[in-house]
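Remarks on the structure that follows.
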Amino acid sequence: MFVEKIKMYNRKFFGVLMLGLFAFSSCAPSGKIDMTKSEDGQTLTFVLTNFSSSKAFQNEYLAMHELSIDVAREKGTIGLSIVDTNGNEPYVGSHVLDGTFTVVIHEHANYTIEVTGNNATATISIIDLGETNPIS
């Protein structure tokens, strides 16, 4: 009788353990994201493949530099944020669409570039175009 109780508890424990593992695995990040930096350091390229998570990257930008951001999305939803160490947010977007747009960096700082995906397959390029020409 004692042995049967132990077997019953082991089965229950095993069932709870498996349920927990299943729940955890369904919340785990999936897909992948790769980031490359050009040799001259001016271009960051992010390649997302069935990416469902969030990942942050660091890069330094100079004041008054203009960034060209090119997004080529095949599927899924993409979020992108560029935030400096002081909390300034030159760009934050939760549903980034295909196309090219520019962002001006106002302060020289280290920036966190966070890419978020929901089953996203896409390529994002961020190109530092250099100093902007102020309007006179």
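A few notes on this one:
- Of the residues screened, I105 is one that is under 16 Å from L44 (Cα atoms), in contact (Cβ under 8 Å) with a residue 40 or more places away in the chain and touching a His at 6+ places or on another chain (Cβ under 6 Å).
- Checking T132 against (1) modelled with pLDDT under 95; (2) among the hydroxyl-bearing types (S, T, Y); (3) within 23 Å of G31 (Cα to Cα), the condition it does not meet: (3)
- E60 vs. criteria under 18 Å from A109 (Cβ atoms), surrounded by fewer than 16 Cβ atoms within 10 Å (Cβ to Cβ) and of a type in the set (D, E): yes
- Any chance T85 is in contact with a strand residue (DSSP E or B) (Cβ under 7 Å, 6 or more places away or on another chain) and either without any contact (Cβ under 8 Å) to a residue 24 or more places away in the chain or closer than 29 Å to S30 by Cα (or both): yes
- Listing of strands (runs of 3 or more DSSP E) fully contained in the range 90-136 that carry 2 or more residues being touching a Phe, Trp or Tyr at 6+ places or on another chain (Cβ under 7 Å): 99-105, 109-131
- So G79, is it of a type in the set (G, A, S), without any contact (Cβ under 8 Å) to a residue 60 or more places away in the chain and part of a loop (DSSP other than H, G, I, E, B): no
The values are calculated or read from the model by the stated rules, or taken from the named source; none is laboratory data. This structure is a prediction, so every number in the text was calculated from the model and none was measured. Every residue, glycine as well, gets a Cβ built from its backbone with ideal geometry; the counts of neighbours run over all protein chains shown.
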